[in-house]
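Read through the structure below, which is laid out as structure tokens, and then see the notes.
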């Protein structure tokens, strides 16, 4: 294997691998990236942890074909340190060593045979559906924050994907809150039921989607498909594969309350900033804030015996009966942060029922957040 490649191109290729490779593993090869120089004038860079894998192809001047696996972190650190150089040369030498040269700098890295690298999943017949990366990124960002981090509840450690009548739906919950977002899509995913995308896979998908949108002059295109208990996302030059989480996702439809009797509409940014301020004096453990809803006004307050108390009034469009209810401020802040609408709708029933947050206006039918109340 011998080739020359642009430093920025190789940096981007190796950056993709950093979140996937295993730092501490019983299989040392999983901390490596596979480099493959191809006669087509490309360098393929692949990484896997056996559950999530990414593989990308990058233009290069290939003098000799071949492959080698090397430490993902160390090669990435080396290439990043050479940002002042335009090109870098890679060459496999005796005993599976990688010779790295750029300008006056020269490195030799110990590698492993390409044959030792785990076989990457290949899918010949995936029913791909064309998707807009910006749309999918929006769905991920509006739901992934609500996924559980409790490893004992593995079926909640990801985002539920379900095709619904001309749309794709993403849902996540940790038992205390739920977030659901829809977006129109044309095509058939050929799924008999919904599937659970793992949290790590979703994190890597978010990076690839963001990368596709960076500096894109034309509207980027991606494809999403499902086959053999895996989800596959691809766009020109890169493929991401993630193993789906086995298990059943809760019936999220039962969690979403019917339209609350008390509906208040207010400015999203004003509510977000108020919650951030008031929650500074909430209990560090519970992050509890009290919402007191009355005609035309929402009072938000917090108390902490060790620190003091805070309260602030926010004007709202509301003409119903008064209501006092407690929520975890962080859960409300998380929802308001991922929304970009000018106004939001707060739907409540009583002090023991979940609260619902939606965008105001037509966008309401495409996003729903449910938050369990707290006793204050």
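What number of residues in segment 17-54 are under 17 Å from residue 90 (Cβ atoms) and touching a residue at least 60 places away in the same chain (Cβ under 8 Å)?
So the answer is 5.
Residue 283 passes all but one of (1) more than 30 Å from residue 161 (Cα to Cα); (2) buried (at least 20 other Cβ atoms within 10 Å of the Cβ); (3) within 33 Å of the chain's Cα centre (by Cα); which number fails?
Looking at each condition in turn, residue 283 falls short on (2).
Could you please find all residues in segment 21-50 being in a loop (DSSP other than H, G, I, E, B) and over 19 Å from residue 243 (Cα atoms)?
23, 24, 26, 39, 40, 41 - these are the residues of segment 21-50 that are in a loop (DSSP other than H, G, I, E, B) and over 19 Å from residue 243 (Cα atoms).
How many residues, within segment 345-364, are within 27 Å of residue 285 (Cβ to Cβ) and crowded, with 18+ Cβ neighbours inside 10 Å?
Number satisfying all stated conditions: 7.
Given (1) closer than 23 Å to residue 367 by Cα; (2) modelled with pLDDT of 95 or more; (3) in contact with a strand residue (DSSP E or B) (Cβ under 8 Å, 6 or more places away or on another chain); (4) buried (at least 16 other Cβ atoms within 10 Å of the Cβ), where does residue 265 come up short, assuming only one miss?
(4)
Of the residues in segment 106-134, how many are touching a helix residue (DSSP H, G or I) at 6+ places or on another chain (Cβ under 8 Å) and assigned to a strand (DSSP E or B)?
Residues in segment 106-134 being touching a helix residue (DSSP H, G or I) at 6+ places or on another chain (Cβ under 8 Å) and assigned to a strand (DSSP E or B): 6 in total.
For residues in segment 243-262 being surrounded by 19 or more Cβ atoms within 10 Å (Cβ to Cβ) and assigned to a loop (DSSP other than H, G, I, E, B), which is modelled with the highest pLDDT?
249
From 165, 94, which residue is surrounded by fewer than 16 Cβ atoms within 10 Å (Cβ to Cβ), within 30 Å of residue 357 (Cα to Cα) and free of Cβ contacts under 8 Å to residues at least 24 places away in the same chain?
One residue alone meets the criteria, 165.
The values are calculated or read from the model by the stated rules, or taken from the named source; none is laboratory data. Remember, it's a predicted structure, so these values are computed and weren't measured experimentally. Neighbour counts run over all protein chains shown; Cβ positions are idealised from the backbone, glycine included.
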